[in-house]
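Each reported figure results from applying straightforward, stated rules to the coordinates on display, with no laboratory input. Being a predicted model, the structure only gives us computed values, none of them experimental. Ideal geometry is used to build each Cβ from the backbone, glycine not excepted, and the neighbour counts take in all protein chains shown.
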Amino acid sequence: MSLDDLNHLLNIKALFGSNTLLARRNAYFITYFQARVAEARQAGLKVYVTTDMQFYNDEMTRSLGEITLKNPKLKTFNERAFRQLFLDFPEISGVILRIGEG
């Protein structure tokens with residue numbers, strides 16, 4: 001089973017310390033999908049999260065600046081985002097990366 005996508009499961013509050021509408025929306029998605037992941041795992045399914053590389057949202061742009069490979073903050077952010085994903089969803093089996101859209 002694959003959940004789409006990391007951008008909607010980002011723990012904005014943990015990563016940026018903000019409580020924006022985006023942060024609250026994602027917090028809801030995290031809680032909702034934690035329960036769905038638990039149900040899937042109980043049914044014997046492996047669960048993966050799909051994501052585009054590079055995804056972005058308003059909070060990232062506000063905190064990191066321009067979302068380009070030349071931005072040194074982006075690598076650090078991505079490392080933190082993936083670590084946080086596995087903290088929030090320890091039962092997932094992995095991440096499926098989709099690279100090169102657009």
query: When the Cα centres of the stretch 33-83 and the stretch 1-30 are compared, how far apart do they sit, in Å?
result: 9
query: For the chain, what does -39500 (n - 2.57) per DSSP helix run (n ≥ 4), summed and divided by total residues, give at 222 nm, in deg cm²/dmol to the nearest 500?
result: -16500 deg cm²/dmol
field: Farthest positive-ward along the chain dipole, Cα basis, beta-carbon charges - from I92, S18, L6
entry: S18
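So what is the relative contact order for the stretch 2-99, in percent, with contacts set as C-alpha pairs under 8 Å and at least six apart? Each step should come with its number before you reach the end.
Working: 110 pairs, mean separation 39.2, N = 98.
Reported as a whole number, the value is 40 percent.
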